[in-house]
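Accompanying notes for the structure given below.
The values are calculated or read from the model by the stated rules, or taken from the named source; none is laboratory data. Please read all numbers here as calculations on a predicted model, not as lab measurements. In this analysis, Cβ positions are derived from the backbone assuming ideal geometry, glycine residues included, and neighbour counts consider all displayed protein chains.
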Amino acid sequence: MTIESLVKKPTQIEMFESMEIARPDVNIGKWAGWIFASPWSKNLHDPKKHVWQTEFDDRLVKASIAIRPVSGMKRPTTTSYRVFLALLQIWEQLEKPVDGVIVFSARQLAEMLHMKGFGRRNAEIIHEHLEILSGTLLTWTFAFEKEGQRERVVSDMHIIDGQTYFEREVFAKKELFTRQQIVRLNPDLVANMLAGKTKPINYKVFISIRNDSSANLYTLLDVYLAKKRRWERRAKALIYEDLEFSGKRYEQKRLRLAKLKEFVHELNGKDMMYGRLKLSYCETSDAQDYKLVAEKVPRKGKKKRTPPKIANSPGEIAYIVGEILKTLSRLPGGVSSSPKTQKTLELLGRWYSKNLLFRALAIVKSEVQVKKTPVKAFVYQVHVLAHEQGFSWVRDCGDQCRYRPENRTPLFEQKG
C-alpha cells in the first residue's frame, strides 16, 4: 500500500489485541536498557557511547555502541521503546511482512500502547517517537588487535528506515481526527527477527510500568538477570551511572534511599521473561550508601480457566475440528494441521457449541478478503460471537475487551 492510496481512500484498519510477549531483534533487545534511556537522563540531546569487552571468533575484542540523535532531537527514550515494541506487535500480527513495511493508524498504535483516549495529542507523541526511531543513528563497532595491527568492523543503522503518514481532521468535529502511517523497519532487524534471533520481553508488563525511570531499570534488570539469579548495585552508581540521572539531588543519601524505595514499590513482583522480579534494598557495609538487591524467583503458576460445562463430547470435538480444518484449508493462505492449531481448535470445541463454531466458520468463509490467516480470522470471529451470545472467552479478557459488543467502535466514521 502506498501513501497515495491512503489519501484517496483511508483504510479501516483492524484493531489487534496485544500479545503478552514482544520479540525485538536480539541486538536491540539485549541493549535496550542503554539505547532507550529514561527521559530524565542527562544530556539527552548529546551522542552517547557504551563500550564493553566480548569474545568474537575466539578472540577478546572491544565492542561499542554509539547512539547519535538528529540535531535538535533527543536520543530514544523508554517511550520510544514502547512505540517500537508496539510496532513489532502489529508487524507480527500482520504475518511478519518480509519487506518490513507496516501500515497502521495512530489510533491502532495508541490502543496497542494502552494509551488513555485518543486524539491529536497522543498522535503527536507517537509521531515524535517514530521520528526519533527513524532519525537516530546507531553505530555498532568491533575492534580487533592482532600482529601489530588494529582492525575495526563498523555497522551503522536506523531502527526505522523510512516513514510516511496521512492525517485527516474534520474541523466541525474536533474529536474526529485520524492519522494513518506507513513505516519500514530496518531490513537487518527484520532478517534477524524472521530467523528467530530475538530477545523476548514481557510486553504487557513493560508498558504497564508508567514511571519511565522504573521502566528503564526494568529493561536493564531483564537483561542482567537473564543468566543469573541475583544482582546488586550501590544506589549512587545505579542512579548516576546506569540510569544516568543529572543534577545533584541524589548526592544526598536519604534521597537515594527514597528512590530505591520507589523502585521496589513499582517493580517488586513484576514478571520478567525468565522469572519473577524480587527487589529489596539494604545499607552497604561501609554505611555510606544503600544498595538495590535484585533477585529472579520462579513465577507463580497461573490457574487454568475451565469451561463451566463441556460444550461438546470428545467424538463431536474431533468431528468439529476436522470440518473446520477442511474448510479453512480451502481459503487463501490455507492452514496446516499443526499441533498448535489442533490444540487451539480443540480448546474452542470444549468451550463453545457446534452451532456457534460453525456460524463463525461461515462468516470467515464468506469474507471477500481476510486480513488475518484463516485460523486467526476464525478465532477472532469465535471471540466476537462468544461475547455477543453472553459467553466468557477462554481466558479472562476483562470488561474492557474490544470484542465485547459495548466496546466495539469504529476507528473513524465517514459520512457521504
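Structural remarks
- Those residues of the range 309-364 which are under 24 Å from K96 (Cα atoms) and of a type in the set (A, V, I, L, M, F, W, C), in sequence order: L325, L328, L331, V335, L345, V364
- Segments classed as helices (runs of 4 or more DSSP H), wholly inside the range 184-225, with at least 2 members that are β-branched (V, I, T): 203-208, 212-224
- Residues located in the range 41-82, provided they are within 14 Å of D242 (Cα to Cα) and either in contact with a Gly (Cβ under 9 Å, 6 or more places away or on another chain) or of a type in the set (G, A, S) (or both): S41, K42
- Looking only at the range 31-60, and only at residues there that are of a type in the set (V, I, T) and surrounded by fewer than 19 Cβ atoms within 10 Å (Cβ to Cβ), the one that is modelled with the lowest pLDDT: T54
- Filtered by the rule that a residue be in a strand (DSSP E or B) and more than 23 Å from Q108 (Cβ to Cβ), the range 14-54 gives A37, S41, K48, K49, H50, V51, W52, Q53, T54.
- Boolean, R184 is loosely packed, with under 14 Cβ neighbours inside 10 Å and among the charged types (D, E, K, R): no
- Criterion (over 13 Å from I159 (Cα atoms), surrounded by 19 or more Cβ atoms within 10 Å (Cβ to Cβ) and not aromatic (F, W, Y)) met by exactly one of I132, I126: I126
- Only one of the numbered conditions (1) at pLDDT below 90; (2) assigned to a helix (DSSP H, G or I) is not met by N355, and that is (1).
- Some residue of the range 137-159 being at pLDDT 70 or above, surrounded by 17 or more Cβ atoms within 10 Å (Cβ to Cβ), hydroxyl-bearing (S, T, Y) and over 16 Å from the mean Cα position of the chain (by Cα): yes
- Any chance G390 is among the small types (G, A, S), in a helix (DSSP H, G or I) and either in contact with a strand residue (DSSP E or B) (Cβ under 9 Å, 6 or more places away or on another chain) or modelled with pLDDT of 85 or more (or both): no
- Any hit, the range 320-330, residues being modelled with pLDDT of 75 or more, farther than 30 Å from S105 by Cα and either in the same structural domain as S18 (by TED's automatic domain parsing) or assigned to a loop (DSSP other than H, G, I, E, B) (or both): yes
- Unique match (being in a helix (DSSP H, G or I), over 14 Å from the mean Cα position of the chain (by Cα) and among the β-branched types (V, I, T)) among I125, I102: I125
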